[in-house]
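What follows is a short report on a single structure.
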């Protein structure tokens, strides 16, 4: 099971690395989210490759892809779809929106209003959307990759807690190193490498890998470790909102996915430690005046919790 899976996943990783240079850990996290049937929030300053990471992952899979540019005047129907009266059939006909794709890029999601942001909640949680009282199932695999600019940037709206909690993990790309940036310049002399990127796996293969992810064994001691980490966020007096039970499950699934990517049939505590920051940090809300400020406040608090909670042997 492990060897074949790791070979397919390595193909995806190598394919994306042709476009996203010098960001191997972020690439692996994006693939991990797909295996765990989760969604990704990519936050960083403009121009570092947030959108390109989403496009490269989508192009590496033989699945449908759509991009929604979130703007202040975007309506929920622009994302979900709309029912229009069909005079020939004398009935309303539903026209699906861009959310009816396997990979959906929600570009600059925090530049639209909370009302439009929330239209993705049902899709992300239940893999379905409801329009005019009718529920429509989404095709699988299904994944939302949302990009956002830092909240201190002009024209942004903070994502509500319920929306943040739907994202499996949050990652930042950061500026490339000088050697990586030199390679970026060289690779784009004539054209962008994304233009020649081809699929390396099919949608059916991704579904099979997702099924195998669920089969990865998690010992009770590792499950208890996850619960202790999440519980520590709820008991922290500096936090107004700790991690939810959904966060526990997502950390569990993410740990299964990283184990599969590394060719193991079981999760080890280091898998949990490695993923605790990207999975949990964006779910924490600090109390006013608690001293936690800035974009990295949640990450710093999770690292402190990791240092305080004993690791199972």
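Quick note: the coordinates plus some simple rules give every number you see, no bench work behind them. Everything numeric in this text was worked out from a predicted model, so none of it was measured. Neighbour counts run over all protein chains shown; Cβ positions are idealised from the backbone, glycine included.
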Quiz prompt | Highest to lowest packing among 212-224, 265-277, scored as the average C-beta count within 10 Å | solution = 265-277, 212-224
Quiz item: Given the rule -39500 (n - 2.57) for each run of at least 4 DSSP H residues, summed and divided by the residues of the chain, what is its mean residue ellipticity at 222 nm, to the nearest 500 deg cm²/dmol?
Solution: -13000 deg cm²/dmol
Quiz item: Given just the C-alpha atoms of the chain, how large is their convex hull per residue in cubic angstrom?
Solution: 160 Å³
Quiz prompt | Extended-chain gain in nm, criterion 0.36 nm per residue less alpha-carbon gap, residue 178 and residue 228 | solution = 14.0 nm
Exercise. Whole Å is fine, so just give me how far the alpha carbon centre of the range 59-88 lies from that of the range 1-47.
Key: 25 Å
Self-check item: Normalised contact order of the chain, rounded percent, pairs of Cα under 8 Å and 6 or more residues apart
Solution: 22 percent
Quiz item: Using the per-residue mean of other Cβ atoms lying within 10 Å as a proxy for protection, in what order, highest first, do the peptides 30-41, 157-168, 139-150, 80-91 fall?
Solution: 30-41, 139-150, 157-168, 80-91
Exercise. Take peptides 114-122, 188-196 and line them up by average Cβ neighbours within 10 Å, highest first, as a rough protection proxy.
Key: 114-122, 188-196
Exercise. Please work out the Kirkwood hydrodynamic radius for the range 120-246, using every pair of different C-alpha atoms, and report it in angstroms with one decimal place.
Key: 19.6 Å
Exercise. Restricting things to alpha carbons, find the Rg to Rh ratio for the range 216-313 using the Kirkwood radius for Rh.
Key: 0.99
Quiz prompt | Size descriptor, Kirkwood hydrodynamic radius, that averages inverse alpha-carbon separations across the range 21-203, Å | solution = 17.5 Å
Quiz item: To the nearest Å, what is the center-to-center distance of the range 196-259 and the range 128-188, using C-alpha atoms only?
Solution: 18 Å
Quiz item: What relative contact order, as a whole-number percentage, does the range 33-158 give when Cα pairs under 8 Å and 6 or more residues apart are counted?
Solution: 33 percent
Quiz item: Using only Cα atoms, what Kirkwood radius does the range 1-61 have, in angstroms?
Solution: 12.0 Å
